[in-house]
1. Can you put S128, S122 in order of Cβ neighbours within 10 angstrom, beginning with the fewest?
2. Each label point is 7 Å from the Cα along the Cα-to-Cβ direction; what then is the distance between the points at C162 and A82, in nm?
3. Per-residue counts of other Cβ atoms within 10 Å, averaged by peptide: what ranking do you get for 174-181, 11-18, highest first?
4. Treat each spin label as a single point 7 Å out from the Cα along the C-beta direction, and report the D107 to R169 distance in nm.
5. Starting from the Cα gyration tensor of region 15-149, multiply each eigenvalue by 5, take the square root, and state the resulting semi-axes largest first in whole Å.
Amino acid sequence: MADKDTDTQRLPYRLRVPFLASTELALFRALTELMGERYSICPKVSLNDVFYIVRPNENVHFFNKFFRKHVDFLLCDRQTLAPAFGVEIVRPISKTEARASDKFLDDLFTNAGLPLVHIPSSDSYDPSDVIILFQLAVAKIGGTHPLRMERPTDFVPNCPVCGKMMVLRIERNGSGGERKYYGCMDSPRCTGVVPLE
């Protein structure tokens, strides 16, 4: 009888209502009206789905900076779904931590060559004001280049055996020497190796 009760017990999850706050919904509608023909507008997109960390085992401390964080809206090309703009609603700031978080988000998008548009929180949005903010965001990016185009050292190979991402590994010997190479993240189940020159 106890097993039956456990099987029918309701999981402790509930639907978020509303999914978007009134200011977010108002901006979503304004963006749809302005950009809907050209871009798909995706709300509350996880940063982890947009960006990845190069050489993740060397840069573990960077993971917490964007883990469980999102951008308010991501505008993507309607055909390819390639990200084109990030949009953040600027809310009143009362804590130093919030300022640091906002600066990180700005730096993240700028370094990736992706415009991040800052739009002040409001219950209604003037289309001409929104367009100006988009133009400012594009001008700010200027001559920066996306991280994926930046340097060969940012390249992380995929495993030649199974196709998964590889991680940098260091093999040390007894005489104090070491050998660096990329090994499959699924090691030891997968033995894929790419030597480092």
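A short reminder: the numbers here are calculations on the coordinates, not readings from a lab. Keep in mind that this is a model prediction, so the values were computed, not measured. Glycine also receives a Cβ, built like all others from the backbone with ideal geometry; neighbour counts cover every protein chain displayed.
1. The order, fewest Cβ neighbours first, is S128, S122.
2. With each label placed 7 Å out from Cα toward Cβ, I get 3.1 nm.
3. 174-181, 11-18
4. 3.3
5. Equivalent-ellipsoid dimensions as semi-axes: 24, 18, 15 Å.
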